[in-house]
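Data block below; observations after.
The values are calculated or read from the model by the stated rules, or taken from the named source; none is laboratory data. Since this is a predicted model, take the numbers as computed values, not measurements. As a convention, Cβ positions derive from the backbone with ideal geometry for all residues, glycine included, and neighbour counts pool all protein chains shown.
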Amino acid sequence: MRGTRYNIILMRDDTSVKRFRLRPFWLKFFIIAFVFLFCSSIAGGYIAYVLYEEKEAISRSYQNKEEMLSESRRELQRLQNVEKMLKSYNELDQSSLLAGSRRKEEAKSVVDLSGMFGLVDKGMVGISNVQARFVRDNRMRVQFEVNNLQSEGTVSGRVFLFLIRQDGLEIDLGLDDNDLDFAIARFKNVDVTFDLPEAVNEDSIFALRVVARDSSGNEIYAETFPFSHIVI
């Protein structure tokens, strides 16, 4: 009906009656606006949920690709180390070297490249930031960081150091420094100084091999670092 209006009456005990007159158009407008805002809030919540799920999926994909890239880099580093070792033996027969042996005029000895450059990684600990330097009185200082790669718990064990000469001889340093022991929840900085064995000198060292074993003596990490990459 033309000119129809609705009366809205507000009454309180301590005040006079208040009356508002409202046309049907405005009543319909407020109802439609409320429905629109309600639907918009539901749609906004759904869109936010979808975007959050997409963000999580992208984050997981990025993390997986980052882990694959890190593993590829480590494998590339290992292959580069092997290549450099092969080049250092350019006076030897390549086929016998790849078979793990080399010959001298006086004697025959075996060079185990897989043992010297094989990467062992059980996903429990990692070795990083390896540095080495010569100090006076024919001594060497080695520093590195042992990292716990497990999300929970403590990893215990000991780190062993080996020197590899230019001729392929691997020398166990047999250090008894307590700083090589570790029981870590996150990481530990290791700093050891030792006398060079009589069998090596500054010019004869080719690489440093770092081996980590758990408290049961099982090898959980091993990597060889060319000396030219870590000496400072």
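So ALA107 fits all but one of (1) exposed (fewer than 10 other Cβ atoms within 10 Å of the Cβ); (2) at pLDDT below 70; (3) closer than 29 Å to ASN189 by Cα; what number is the exception? Going through the list (1) exposed (fewer than 10 other Cβ atoms within 10 Å of the Cβ); (2) at pLDDT below 70; (3) closer than 29 Å to ASN189 by Cα, ALA107 breaks only (3).
Test GLU75 against the stated conditions and say whether it is closer than 25 Å to SER128 by Cβ and at pLDDT 75 or above. Spell out how you get there, then give the answer.
Values: closer than 25 Å to SER128 by Cβ: yes; at pLDDT 75 or above: yes.
It is true that GLU75 is closer than 25 Å to SER128 by Cβ and at pLDDT 75 or above.
Checking each residue in the stretch 1-38 for being loosely packed, with under 10 Cβ neighbours inside 10 Å and part of a loop (DSSP other than H, G, I, E, B) picks out MET1, ARG2, GLY3, THR4, MET11, ARG12, ASP13, ASP14, THR15, SER16, VAL17. The residues on offer are SER41, SER70, and the sole one that is within 30 Å of ILE205 (Cβ to Cβ), surrounded by 10 or more Cβ atoms within 10 Å (Cβ to Cβ) and modelled with pLDDT of 80 or more is SER70.
Here is a yes/no grid of residues against (1) of a type in the set (Gly, Ala, Ser); (2) under 15 Å from TYR221 (Cα atoms); (3) crowded, with 16+ Cβ neighbours inside 10 Å:
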{"site": "LEU169", "(1), (2), (3)": "no, no, no"}
{"site": "ASP172", "(1), (2), (3)": "no, no, no"}
{"site": "ASP181", "(1), (2), (3)": "no, yes, no"}
{"site": "LEU196", "(1), (2), (3)": "no, no, yes"}
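Is it fair to say GLU71 is touching a residue at least 24 places away in the same chain (Cβ under 8 Å) and not in a loop (DSSP other than H, G, I, E, B)? So GLU71 fails the test. Considering VAL155, VAL142, the condition of being modelled with pLDDT of 90 or more, buried (at least 18 other Cβ atoms within 10 Å of the Cβ), of a type in the set (Val, Ile, Thr) and within 13 Å of MET124 (Cα to Cα) is satisfied by VAL155 alone. Pairing each residue of the stretch 144-159 that is hydroxyl-bearing (Ser, Thr, Tyr) with any residue that is outside any loop (DSSP other than H, G, I, E, B), provided the two are 6+ apart or on different chains, yields C-beta distances under 7 Å for THR154/ALA183; THR154/ILE184; SER156/PHE182; SER156/ALA183; SER156/ASP214.
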